[in-house]
Amino acid sequence: MDSQLDLVAENKEIVRRYRKLLKCARTQIKEKEDEKQIRKAFEIALDAHKDMRRKSGEPYIYHPIAVAQICAEEIGLGTTSVISALLHDTVEDTDLELSSIEKVFGPKVSRIIDGLTKISGVFQYGSSQQAENFRKMLLTLTDDVRVILIKLADRLHNMRTLESMSRTSQLKIASETIYLYAPLAHRLGLYAMKTELEDLYLKYAEPDMYDEIKTKINQTKAARNKFIKEFIAPIEEELKRQSLPGKVIGRPKSIYSIYNKIKKNKVAFEEIYDLFAIRLILDADIDHEKSACWQAYSIVTDFYTPNTTRLRDWISTPKGNGYESLHVTVMSGIGQWVEVQIRTTRMDEIAEKGFAAHWKYKESTASHRENGLELWINKVREMLANNDSSAVDFVNDFRNNLFAEEVYVFTPKGDLRILPNGSTALDFAFDIHSHVGASCIGAKVNTKLVPISYKLSNGDQIEILTSTKQKPNEDWLKFVVTSKATNKIKEALREEKKLIAAEGKEMLERKMRTMRLDLNEELLLQMRSFFDLKSNYELYYRIGKKLISVNDLKRFRDLKQEKHNLNKLAPRDTKQFEREIKQVRNKESDSLLIGEDMDKIDYTLAKCCGPIPGDQVFGFVTINEGIKIHRTTCPNAVELMSNYGYRIIKAKWTSQSEIAFLAGLRITGTDRMGLVNDVTKVISSELKVNMRSITIETNEGVFEGDILLFVHDTSQLEGLIKKLKSVKGIIGVSRFNFDYKPNHA
Ligand code: MN
């Protein structure tokens, strides 16, 4: 083919994509001047990226155009964001200078690009660098939230085009996405984006599961649609009769949420009844929203009986991320529970697009309500100001707060406070003020006396009791979930530790004088090595806390005086670990081959997920125990990959393995005479599989068994599962991680 022709076609395609973007942006644009600016940004980006291509081979400019398109179309952002998105990779990846962008587009755009450039290194995995990047990103959030929204659009497009990346990059990027970006999208109320990010994560982390669920959703579509149609028919008719305009739709739930249900409840796809939700979207004007929603509720419950314990009213008190909706679960005509979500068009748009849509409506919404999102951003600002823990700890903390659902409680004066679910009286005390928290001795909840560890429930009214004699201790960390309380307690503990260490230092100086030893750096180094401590500070603290006694110090002195023991006191090589990692990585231009490199490299199979050949796996370099092999679906995998990406190494199984691996199977069924015998017969005689242990529990005719056995690979295990399922009386067979504790234990 003529390459000249290719280029012509490519240029046409670029222009086509740009026009599509412009068409979409026009719905947000106010003035003609804006369109000119967008065009200018496009031309500058096109020129800056002109010689670059994406991994897929496509022209690089497709990426910024797509990111801008997501900003305009899916988040509903305006001109400034579209311009910034078009230019988001220029300063980082091309010769273009920030100052020239500022000259053309002014300080607003240049500040956003600057923020995006600062956090662009996210793909370079290295120690806590990534966590540090995330922290920077949050700093920009409190500055201009558009930086994060564009960053999310950038990540979404990268996830959509992950196909062309290497398997290792796919896993790393996907893990980071599920660990940080999806929760962040959720917290900002971008449900559509959050759902897509989660589904894409699953597509790459667990391709087989993803395909299976997707296929099954499609296969069951016709039956589901028929059910939905019959379910909504009477509701639609009644809405019309009462002149309540709106539409009723049935939406399938996301692949990821179905996957989570299968995993969490250990059930098969076929056993999940709520594969979809019914949504009523009403056209009501702003003053009649609430009454319209409750009128619709009344119609729904006239036809179907509601489950009163599952009514959620997020209209009277919206969620912290701005979500408003009325959720009710009702019994359908065929004996199945169905979730119905009732909301207005405005609420629906906020729920799908989140933040930006929220601002669009802001002026028109009732002002008596404090905006949950603003409150949240204020909290982030506060956390950042208060926090001096390590970046990794911080991100973990923050992440925990991202996902948390909320609990609504009241002060004695009746002020509403929103805290993450699981918060205690102590969290509440710190939320009021750090001094109140630090001196808290208990609380009165609804006039009843409770301990500081009391877990708050919705509607609790709390009065904190304090004492000037109280001070935080280590145990308190177990009683709090909010990062504000955690940080304040840690801060207080650090202060106290400092005082103890200062005392310890004085004590040590006195003791060394009486022992006639010269307290110099060398001696301190030997002493640290002797007591196995990382720093002088730790040494002083332990002496101050009397964890190291005078006798211990004497033992040290005696050992030192025996000269031949001196080499035992040589300080430990701290660089060794880093070197080991390097060695393994340099050697592994390809993958670690499990089963072959066994004698050369020290590795073991992780207990938390018990991988066997055939599973998708990766290696993780631990500090003390060599390399651990985990399944990519391991409950710990996401955290390991996103926080310690530089310690991940590729790993795969060698084809023919003589070794047997331990796997766990959980069997459920109806109890009958001889069932256990049949099960063990299948396992040991028919398939020649070696069983390590079997525990069986029967309860009122129900049979539950956990079996640990040795297999060669996943195909053998799958064959076995199939065989076991065919045993009469067996209802379910599934694999479990063998540190998993059966609840009947
Ligand atoms: Mn980008």
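Numbers at a glance
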quantity	calculated
Relative packing of peptides 230-243, 106-119 - highest average C-beta neighbours within 10 Å first	106-119, 230-243
From phi via Karplus (6.51, -1.76, 1.60), per-residue ³J(HN,Hα) for segment 538-547 in Hz, x at Gly/Pro	4, 5, 4, 4, 5, 5, x, 7, 6, 7
Approximate shape of segment 156-255 as ellipsoid semi-axes (Cα gyration tensor, √5λ), whole Å, largest first	35, 18, 8
Mean Cβ count within 10 Å, highest first, over the residues of peptides 41-48, 147-154, 701-708, 93-100	147-154, 41-48, 701-708, 93-100
At R0 = 60 Å, FRET efficiency that the Cβ-Cβ distance of HIS327 and SER549 yields, to 0.05	0.45
Highest to lowest packing among 79-90, 492-503, scored as the average C-beta count within 10 Å	79-90, 492-503
Overall dimensions of segment 213-365 by Cα: Rg and Dmax, Å	16.2, 47
Gained length - ALA192 relative to GLU238, 0.36 nm times residue gap less alpha-carbon distance	13.6 nm
Amide H within-cut-off set for SER332, under 5 Å, with H built and near neighbours excluded	TRP337, VAL338
ILE334 versus SER467: modelled label distance in nm, points set 7 Å from Cα along the beta carbon direction	6.3
Under the Karplus curve 6.51 cos²θ - 1.76 cosθ + 1.60, θ = phi - 60°, whole-Hz ³J(HN,Hα) for segment 251-262, x wherever Gly or Pro sits	10, x, 6, 6, 4, 5, 5, 5, 4, 4, 5, 4
Fully extended contour minus Cα-Cα distance, from LEU525 to SER257, at 0.36 nm per residue	91.1 nm
Principal axes of segment 491-569: Cα extent on each, largest first, Å	44, 24, 20
Full-stretch length increase - ASP95, ARG516 - with 0.36 nm per residue and alpha-carbon distance subtracted	145.1 nm
Coarse-grained scattering of segment 2-206 at q = 0.09, 0.17, 0.18 Å⁻¹, given as base-10 log I(q)/I(0) from a Debye sum over alpha-carbon atoms	-0.33, -1.25, -1.39
DSSP-defined beta bridges in segment 213-365 - what % are antiparallel, rounded to 5	75
Sparse-neighbour loop sites [GluC sites (Glu not before Pro); segment 273-362; at most 10 other C-beta within 10 Å; DSSP]	none
HIS435 versus THR305: modelled label distance in nm, points set 7 Å from Cα along the beta carbon direction	5.7
Residue pairs, from the table LYS471/LYS546; LYS253/LYS628; LYS221/LYS725, whose Cα atoms sit over 30 Å apart	LYS253/LYS628
Cβ-Cβ FRET estimate between GLU43 and SER166, R0 fixed at 41 Å, reported to 0.05	0.80
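Every number in this text was worked out from the coordinates using simple rules, so none of it is lab data. The structure presented is a predicted model; accordingly, all values stated were derived computationally and were not measured. So basically every Cβ, Gly included, is an ideal-geometry build from the backbone, and we count neighbours across all protein chains shown.
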